[in-house]
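The values are calculated or read from the model by the stated rules, or taken from the named source; none is laboratory data. If you're wondering where the values come from, they're calculated on a predicted model, not measured in any experiment. Glycine gets a Cβ as well: all are built from the backbone with ideal geometry, and neighbour counts include every protein chain shown. We work out accessible area using only protein heavy atoms, side chains counted, and drop any ligands, DNA or RNA first. Shrake-Rupley method; radii C 1.70, N 1.55, O 1.52, S 1.80 Å.
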Amino acid sequence: SRPQLKVLTVTLSDDESVVGETVTATAIVQNIGQTAAPAQTTTLYQGNPDAGAVAVSNQTDGPLPGGMTTTLQMTWTPTTTGSFRLFTRADRLKQVNQPDRSGNDLWRDVYVGFHGPLKIESGGAGDQAYSKVAGYGYVDEGPADITGNCNATVPSYRKDPNNHVVYRFDNLLPGHYYHLDVTLDLCGEASRQEKIYVNGVQVADSIDLGDQRTHRLSVLLSPPLYVRRTISVSVDNVTRVGGAIINGISLVDVDYRYSDAGGGVDPKYPSGPRAYGYLTGAAQSQWGRLPLESLRENQSGNTVSYRYDGLDPAKDYDLHLSFWQSDTYPYVQKVQVNGSDVGPILTIQNGKPYSETLHVPQGSYASGTITASIVRLDAKTSAIVNEIALEERTVAVVINTCSEAVTPNFTELYGEITINGQAAVSGTTVEALNPRGNVVGCYEVNTNGLYGLMRVYGEDTATSTPGMRSGEPIALRVNSAAAVPTPLTYWSNDLGSHRVDLAAGSIEGQRILMNAGWDLNSFYVEPPMPLVANVLDSIGGRYDRVLGEKGAYDVTLPPVFNSLKELHSGLGYYVHISGTTSVWALIQGLARPITDPIPLHHGWNFVGYLPQDTTMSVTVALGSISGQYLRVLGIKNSYDTTIPPVFSSLKIMEPGQGYLIYISATQTISLTYPGTAALLSPVIAMMANTDACDSVRATPAKTLYYGGVQINGHDAPIGTKIEAISPGGAVAGCYVVDTPGVYGLMSLFGADDSVQPAIPGFTAAQTVRLRVNGIMVPGTTAWMWSNDLSPHQADIDVTLWTLRLPVVMR
């Protein structure tokens, strides 16, 4: 019936602590007696208290009723490496009258690792011989090592004439991850190749020191290599001439968090003391269970996300990702960190593995947290990732900067730089690339929101140095992701300065269905590289001509002859799709704000549609220029303000479609689309199904017909089909009546012999013949076709014979 205490469990805040780390021990103590225990002191010891161990922490608590438990926390800070036994003793001062104290003690064994990083300047001060007390150092085997001075970059070296420099490190923790960082330099000696081994296992590719450069390697060690808590590192000269040489070696305890996405090691956020894990998506293994085959897929959205907490703003980090898929069609994806793009856009082909290492931009984790997202661009669902890992960076990666391509030829760029509309922070990297992918200029932002002067170097054929060539467009990247330049700059060796503002952030993909033959299209994303071939890369080989308001592009002509060079958001373009089937185009770029003004001039304008995923009636969409436009033409349908609305066949404007708009105002005006979606008017829902006219092949040349239509003295009913027939017998226009007694505006298309196969239709001054429900309308010889893009009233009054069969009655 007396009180009796028992220590049930003791847990540590870190089961694998390092020297100098404060560890919290949490003990749960229960009173298994029936009588309340008075206040008592529980103590944590480093070692056995009965063998003279010193108490390191105490916690007093109580009274504790019978049958109840209490939680006590004590701290311990190890000062040396090695194995320790931690004792927890309840009622250390014997303040509780217990019949039995056998349950008052509980212990656990722990191992303390070294507090890194261990950085050694080989051959310099602090480069000591290995000792068990120190736990690290060089191991001189065979002939004595030689030390000496190297250069200003790497001051010293250690060389083993026996071609085998060895270092040993103890007190590693199997649950931690380590970088082995090695610096190698010839120091003016003869060329040689070297390999690095850890416990006899080669951990890096052979390093050729013949280029006379300093090589800095950072190798993530595999935990099985140090399961016994010690490693032996050897640097071997495989050419075996001149000895093995090393300039520096470090062992760094790093932050590394790996997820086999959709596989066995795929934690859900939050998980562990440095919380990380997936936020969205479901585990899938339909393509296999190996780490590269299993995946996490978001079947209801186009984003898979992982979150990482506990990042140190003073450190650098990389993201490693792998992708693999076994579908018929490619996956087009990108990677974002906290909503901003990092790295290139990836097209993941069937059965081909992809791996990417992307630098996490400094400044993106000032709060200690990032969300890494994989975003699919070519579909609204099914973003995937197969593996993802966050890794601390311990050796600065040398970026391929301007110094790699310095030539006497250059131009200079400068300007403002934004990421997702906000000023880019100091440390942001800007890179210029030529069309062959060479980095030909770079700049590290040191004033928020500004970059430059950045030199962009030209090619030097005399020294075979890659660079820009005259007239080539300069591609620009921000933090390794594509950026939109304003304006696009074509390189010349002018040694001058040019302002080019950069917008980076989130590249989006707009999928547009382009119909076979001529189609009139537009897009709401601004491409980072707006050259025609780049913008339409997803349908390469499926189109042959593009017409803009002020130029044309033909894939069969040398570039110098094409007057249309670039494609931009907010503008409309005729695109000719070769073959007989439609095609989906994926246009990639930064989404342009819906309310961005589009400048328009007097006369015809090729205009794009900026609202995303929203259709609007013509009058609502063009409300900002009401009274200042005369006519709107789509690929087949039209709207005209000078005739009653019932005759207009263009009812709505929609994403992906382009339009020709005639501005009657003589001064320049701006079209601004409404910022919110407008409800479609009921008349639109009553439009007739016009699939019957799909066979008509559109061309950029046309005139417009409209009017009343009477059949046998009555209004033609809904569904009546009216066709325009060219002298060659081609159906070059079609309209299905959706309001009794009315047709139009119907496009009558001109012939086009510039494409293959040629499109039949009308030519100038040819007679127009109309057909109603398959019956030719007589008396239309006065109707002549011309490519005037204008409406002409042509009323139809036709008498159709009705065949009546006799009725036989019995």
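I'd like to compare 569-579, 66-76: which one has the highest average count of other Cβ atoms within 10 Å, and what's the full order after that? Please list the in-between numbers first.
On the way: 569-579: 21.2, 66-76: 15.9.
Highest to lowest by the protection proxy: 569-579, 66-76.
Would you calculate the separation in nanometres between label points at Ser695 and Glu21, each defined as 7 Å from the Cα along the Cα-to-beta-carbon direction?
7.7 nm
Mind putting a number on the dipole of segment 162-227 about its Cα centre? Charges go on the C-beta only, +1 for Lys and Arg and -1 for Asp and Glu, and I need it in Debye to the nearest 20. Spell out each step's value before the answer.
Details: 5 positive and 8 negative charges, 27 e Å.
That gives segment 162-227 a dipole magnitude of about 120 debye.
Name the long-range amide H neighbours of Val332: under 5 Å, sequence gap of 5 or more, or other chain; modelled H, no Pro or chain starts.
Close amide H contacts, sequence-distant or interchain: Ile348, Leu377, Asp378.
Mind listing the phi-derived Karplus ³J(HN,Hα) values for segment 13-30, rounded to whole Hz, using 6.51, -1.76 and 1.60 with θ = phi - 60°, and x for any glycine or proline?
Listing the rounded values in order: 5, 9, 6, 10, 8, 10, 4, x, 8, 7, 10, 9, 9, 10, 10, 10, 10, 10 Hz.
State the answer as a single residue: which of Gly548, Val777, Pro791 lies farthest towards the positive end of the charge dipole of the chain, with beta carbon charges of +1 for Lys and Arg and -1 for Asp and Glu, about the Cα centre.
Value: Val777.
Can you tell which of Leu610, Val54, Phe114 lies farthest toward the positive end of the dipole of the chain, using +1 and -1 charges on the Cβ of basic and acidic side chains (Lys, Arg; Asp, Glu)?
Towards the positive end, the residue furthest out is Leu610.
Treating only the Cβ of Lys, Arg, Asp and Glu as charged (+1, +1, -1, -1), what charge dipole size does the chain show about its Cα centre? Round to the nearest 20 debye.
Details: 53 positive and 74 negative charges, 340 e Å.
I would put it at about 1640 debye.
Based on Cβ point charges of +1 for Lys and Arg and -1 for Asp and Glu, what charge dipole magnitude is obtained for segment 162-313 about its Cα centre, in debye rounded to the nearest 20?
Numbers: 14 positive and 17 negative charges, 71 e Å.
Computed about the Cα centre, the dipole is about 340 debye.
Let me have the 222 nm mean residue ellipticity of the chain computed from DSSP H runs of 4+ only, each contributing -39500 (n - 2.57), with the sum over all residues rounded to the nearest 500. Please list the in-between numbers first.
On the way: 3 runs with 12 residues, N = 810.
Helix contribution divided over all residues of the chain: 0 deg cm²/dmol.
At 1.4 Å probe size, with the rest of the protein present, what percent of the exposed accessible area of the chain is carbon and sulfur atoms? Walk me through the intermediate numbers first.
Working: 18660 of 36250 Å².
It is 51 percent, rounded to a whole number.
Using a Förster radius of 22 Å, what is the FRET efficiency between Thr9 and Arg307 based on their Cβ-Cβ separation? Nearest 0.05, please.
Details: r = 30 Å, r/R0 = 1.36.
That gives a FRET efficiency of 0.15.
Along each principal axis of its Cα atoms, how long is segment 396-549 end to end? Whole angstroms, biggest number first, please.
Rounded to whole Å, the extents work out to 49, 40, 31 Å.
Please say if segment 478-523 is rounded, prolate or oblate, where rounded means a/c under 1.5 for a ≥ b ≥ c the square roots of the C-alpha gyration tensor eigenvalues, and otherwise the choice is prolate for a/b larger than b/c and oblate otherwise?
Details: a/c = 3.77, a/b = 1.80, b/c = 2.09.
Here segment 478-523 falls in the oblate category.
Thinking of segment 67-215 as a set of Cα atoms, what percent of all their pairs are more than 29 Å apart?
Values: 4560 of 11026 pairs.
Pairs farther apart than 29 Å: 41 percent.
Stokes-Einstein diffusion coefficient for the chain at 37 °C in a medium of 0.692 mPa s, Rh from the Kirkwood formula over Cα pairs: what value in µm²/s? Mind dumping the intermediate values first?
Values: Rh = 33.1 Å.
Rounded to a whole number, D works out at 99 µm²/s.
Residue-wise, which Karplus ³J(HN,Hα) couplings in Hz belong to segment 306-323, taking 6.51 cos²θ - 1.76 cosθ + 1.60, θ = phi - 60°, and x for glycine or proline?
10, 10, 10, 9, x, 6, 9, x, 8, 10, 9, 9, 10, 10, 10, 9, 10, 9
Ratio of segment 185-306's C-alpha Rg to 2.2 N^0.38 Å, to two decimals?
Working: Rg = 20.7 Å, N = 122, 2.2 N^0.38 = 13.7 Å.
Output field value: 1.51.
Using the charge dipole of the chain (Lys, Arg: +1 at Cβ; Asp, Glu: -1 at Cβ; taken about the Cα centre), state which of Gly272, Ser506, His320 has its Cα farthest towards the positive end.
Farthest towards the positive end: Gly272.
Mind checking the full-extension length gain between Ser664 and Thr77? Use 0.36 nm per residue of separation minus the Cα-Cα distance, one decimal, nm. If you can, show how the numbers build up before the last one.
Values: separation 587, 0.36 × 587 = 211.32 nm, distance 8.19 nm.
Contour length minus the Cα-Cα distance gives 203.1 nm.
Quick check for you: with a 1.4 Å probe and neighbouring chains kept, what is the accessible area per residue of the chain, in Å²?
Values: 36250 Å² over 810 residues.
With all protein chains present, the chain gives 45 Å² per residue.
Rounded to a whole number, what is D in µm²/s for segment 492-551 from Stokes-Einstein with the Kirkwood radius over alpha-carbon pairs (4 °C, 1.567 mPa s)?
Numbers: Rh = 14.6 Å.
Using the Kirkwood radius from Cα pairs, D works out to 89 µm²/s.
In this model, which of Lys334/Lys550; Lys334/Lys565; Lys352/Lys380; Lys550/Lys702; Lys651/Lys721 are farther than 24 Å apart at the alpha-carbon? Could the numbers behind the result be given before it?
Numbers: Lys334/Lys550 34 Å; Lys334/Lys565 27 Å; Lys352/Lys380 22 Å; Lys550/Lys702 18 Å; Lys651/Lys721 19 Å.
Flagged as over cut-off: Lys334/Lys550; Lys334/Lys565.
At 0.36 nm per residue, minus the direct Cα-Cα distance, what do Thr556 and Gln286 gain on full extension? Give it in nm, one decimal, please. Please report the intermediate quantities before stating the final value.
Working: separation 270, 0.36 × 270 = 97.20 nm, distance 4.35 nm.
Working it through step by step, the gained length comes to 92.8 nm.
Need one number: nm distance between label points at Asn420 and Lys119, each 7 Å from Cα along Cα→Cβ, rounded to one decimal.
3.3 nm
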